[in-house]
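In what follows, a structure is listed as structure tokens, so that the remarks can point back to it.
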Amino acid sequence: MTTPPTTPHAATLPHGARVLVIRLSALGDVIFALETVAALANARPDVRIDFLVEDRFAALLQGHPQITTLHVFPRKQKWSIPASLRRLRKINYDAVLDLHGIQKSALQVLFSKAARKLGFAAPGSREGSAFAYRERIIVPTPLPHRADMGYLLLERLGIRAPRTRPRLPAIEPHARLFADLPRPLVLLHPGTSSFAEFKRWPVDRFVELATRLSKRGLGIAVSYGPGELALAQPILDAVPNARPIDGAALALRGLAGVMRRIDCVVAADTGPLHIAAAMGAHCVALFGPKDPARYGPRSFDLIGHEVLNHDVPCRPCTRRDCVTPQCVLGLSVDRVEAAVVRLLQRTQA
């Protein structure tokens, strides 16, 4: 089967077209996919945009102003794939854009009745998923940032869009949440997803960092997700006036609202980092095994972010576990503190 390359003569969408964007997971990648939604909505306000996402991230997109219909893929429910296929089969989409590129997402594309089915040729897609696409976009080598992949699909639709900040339907926190804390306000997020625990910066270093930043007169908040209070508690104990941010209680849209109020976020390569960047917070990103050029926080202003990593011969890598992750352990408190100071100096200039 011949793989057609992208061309500058891509066919445009008809007026009032209906487009389905697919990105099932993970949290950071869903946020990256929202750049594609925002760019398409800005360039073609006549287009109706639907989105297919896994149920564990659907709450973040409820009420999204640029998404007409949110389709939810029930990740663990029995017969979930046939149910989702039946729903999508009822809609005659003008185009389906698969930003995920795995078998599970490609199955949705294959059985849809879309006039145009767009995805990536390998290595931009995996697990043989390219078989489902009528238009396979060749991606450059090395692969671009995950968020930039979506712009390649838009180009095939005749849309050349600049980098566009994604929109999140955030819930604003109560005004009293940070009222008694000094500014600038730094939020520390010590957790990651459970399957990526080896990407976490050690908690004792977060404790030392929080203590130093508090002595500098900065406000400190500490966020944690479900089951992560044990990670946050030592930091809260070390800085008694630090403000706990319970991500489970706030839910994703509530956490997004909190991030809008923060001056600097310190976190590893994890979903809340990308929520923060999307909401306009500036980040000190502690990167271990992943390549920041592909997975780093997105910047939409001249201030940008501070992305730190400790180079070792084996990074970047795609491992899901590591006994001695020196790429993470090599990041000192001195380096992270200096990065926070530099970033805050830029924001206050």
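Return yes or no: is K199 touching a Gly at 6+ places or on another chain (Cβ under 8 Å) and not assigned by TED's automatic domain parsing to the domain that holds V30? The answer is yes for K199.
For the structure I just gave you, tell me whether I67 is over 27 Å from P144 (Cβ atoms) and assigned to a loop (DSSP other than H, G, I, E, B).
So I67 does not fit the description; no.
Taking the numbered list (1) over 19 Å from the mean Cα position of the chain (by Cα); (2) under 29 Å from I171 (Cβ atoms); (3) of a type outside the set (D, E) in turn, A278 passes all entries but (1). Note on the range 139-179: among residues that are among the acidic types (D, E) and touching a residue at least 60 places away in the same chain (Cβ under 8 Å), the one that is nearest to A39 (Cα to Cα) is E155. Can you tell me which residues in the range 169-201 are in contact with a Leu (Cβ under 7 Å, 6 or more places away or on another chain) and part of a loop (DSSP other than H, G, I, E, B)? The answer is F178, P182, P184, P190, G191, W201.
Scanning the range 319-349 for residues that are assigned to a loop (DSSP other than H, G, I, E, B) and either modelled with pLDDT of 95 or more or farther than 30 Å from P162 by Cβ (or both) gives R319, R320, D321, C322, V323, T324, P325, G330, L331, S332.
The values are calculated or read from the model by the stated rules, or taken from the named source; none is laboratory data. These figures come from a predicted structure and were not determined experimentally. For neighbour counting, all protein chains shown are included, and Cβ atoms are generated from backbone atoms with ideal geometry for every residue, glycine included.
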